[in-house]
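Asks: Dropping a structure here in structure tokens format, bear with me for questions.
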Amino acid sequence: MVTLEPLHADHADALLAFEWENRAYFARTVPDRGDAYFTAAGFAARLRALLAEQHAGVCRFHVVLGEEGELIGRVNLMDLVDGSAELGYRVGERAAGRGVASAAVAQVCRLAATDYGLTSLTAVTTLDNEASMRVLARNGFTRVGDTTVDGRPGVRYVRRPLDSGPGRASA
């Protein structure tokens, strides 16, 4: 079982270690964050900015914790506007393929509806990220069109309404 926790400053060390450990793994399917992100100063500045956005209610950031309380992923809701947000998530290589992303996305969809008052979510992924497309489909997201993700062919998804129960959108 996985647990979601809102991102807070106490996650800094574990989060940076998680990002370092999985940098090459993530770069296979999503754009690399760049060297400056991984410096102590760069990471601290980015974390402060994220926490400020979260405090302002613009975004909701979460860490995904495994059974032993270790940080194994992230799931975020960005750009909360007019009852909608964009979903983003990443699960570390050691936890991949074990249903962690599907479980974390299901949990954040429930939170989005019940705690954050959202009615729809969007998500994008690259065409070569089949695992991400499966996670979205399992959680009631519908493919709505093609897009480009940092110069790569991608797919756009939407899930609405969010209040139709765990992991599934209503017909």
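Asks: Assuming PHE18 fulfils every condition listed in (1) in a helix (DSSP H, G or I); (2) in contact (Cβ under 8 Å) with a residue 40 or more places away in the chain; (3) open to solvent by 50 Å² or more (accessible area, probe 1.4 Å) apart from one, which condition is it?
Replies: (3)
Asks: If you scan the range 1-25, which residues turn out to be in contact with a strand residue (DSSP E or B) (Cβ under 6 Å, 6 or more places away or on another chain) and either among the small types (Gly, Ala, Ser) or under 27 Å from THR148 (Cβ atoms) (or both)?
Replies: Once the filter is applied, which keeps residues that are in contact with a strand residue (DSSP E or B) (Cβ under 6 Å, 6 or more places away or on another chain) and either among the small types (Gly, Ala, Ser) or under 27 Å from THR148 (Cβ atoms) (or both), the range 1-25 yields only ALA14.
Asks: Suppose we filter the range 100-125 for residues that are buried (at least 21 other Cβ atoms within 10 Å of the Cβ) and in a strand (DSSP E or B); how many remain?
Replies: Counting residues in the range 100-125 that are buried (at least 21 other Cβ atoms within 10 Å of the Cβ) and in a strand (DSSP E or B) gives 3.
Asks: Return only the number of the condition from (1) open to solvent by 70 Å² or more (accessible area, probe 1.4 Å); (2) modelled with pLDDT under 95; (3) not β-branched (Val, Ile, Thr) that ARG156 does not satisfy.
Replies: Answer for ARG156: the failing condition is (2).
Asks: Count, please, the residues in the range 21-36 that happen to be touching a residue at least 40 places away in the same chain (Cβ under 8 Å) and open to solvent by less than 70 Å² (accessible area, probe 1.4 Å).
Replies: Here is the first cut: in the range 21-36, the residues touching a residue at least 40 places away in the same chain (Cβ under 8 Å) are 21-22, 25-26, 29-31.
Checking which are open to solvent by less than 70 Å² (accessible area, probe 1.4 Å) leaves us with 22, 25-26, 29-31.
Result for the range 21-36: 6.
Asks: So, one more: Given ARG46, ARG60, which one is at pLDDT 95 or above, open to solvent by 20 Å² or more (accessible area, probe 1.4 Å) and closer than 23 Å to VAL149 by Cα?
Replies: On the way: ARG46 fails: at pLDDT 95 or above.
Being at pLDDT 95 or above, open to solvent by 20 Å² or more (accessible area, probe 1.4 Å) and closer than 23 Å to VAL149 by Cα holds for just one of ARG46, ARG60, which is ARG60.
Asks: Separate question: Looking for whichever is over 20 Å from LEU4 (Cα atoms), of a type outside the set (S, T, N, Q) and touching a Lys or Arg at 6+ places or on another chain (Cβ under 8 Å) here; the options are ARG143, ARG74, ARG160. Which one fits? It would help to see each step written out before you state the result.
Replies: Numbers: ARG74 fails: over 20 Å from LEU4 (Cα atoms); ARG160 fails: touching a Lys or Arg at 6+ places or on another chain (Cβ under 8 Å).
Testing whether each residue is over 20 Å from LEU4 (Cα atoms), of a type outside the set (S, T, N, Q) and touching a Lys or Arg at 6+ places or on another chain (Cβ under 8 Å) leaves just ARG143.
Residues are listed down the side, and each one gets a yes or a no for (1) in a loop (DSSP other than H, G, I, E, B); (2) more than 13 Å from the chain's Cα centre (by Cα):
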| position | (1), (2) |
| --- | --- |
| LEU50 | no, yes |
| GLU53 | no, yes |
| VAL58 | yes, yes |
| VAL63 | no, no |
| GLY69 | yes, yes |
| MET78 | no, no |
| GLU86 | no, no |
| TYR89 | no, no |
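Asks: Moving on. So which residues in the range 15-46 are over 25 Å from GLU5 (Cβ atoms), within 17 Å of the chain's Cα centre (by Cα) and among the aliphatic types (A, V, I, L, M)?
Replies: ALA27
Asks: Checking the conditions here, which among GLY97, GLY165 is modelled with pLDDT under 95, assigned to a loop (DSSP other than H, G, I, E, B) and under 18 Å from VAL2 (Cβ atoms)? Before the answer, list the steps.
Replies: Numbers: GLY165 fails: under 18 Å from VAL2 (Cβ atoms).
Result of the check over GLY97, GLY165: GLY97.
The values are calculated or read from the model by the stated rules, or taken from the named source; none is laboratory data. Here the structure is a predicted model, which is why all the values come from computation and not from measurement. Please note: Cβ atoms are built from the backbone with ideal geometry, for glycine as well, and neighbour counts cover all protein chains shown. Quick note on the areas: whole protein, heavy atoms, side chains included, nothing else; ligands and nucleic acids left out. Shrake-Rupley method; radii C 1.70, N 1.55, O 1.52, S 1.80 Å.
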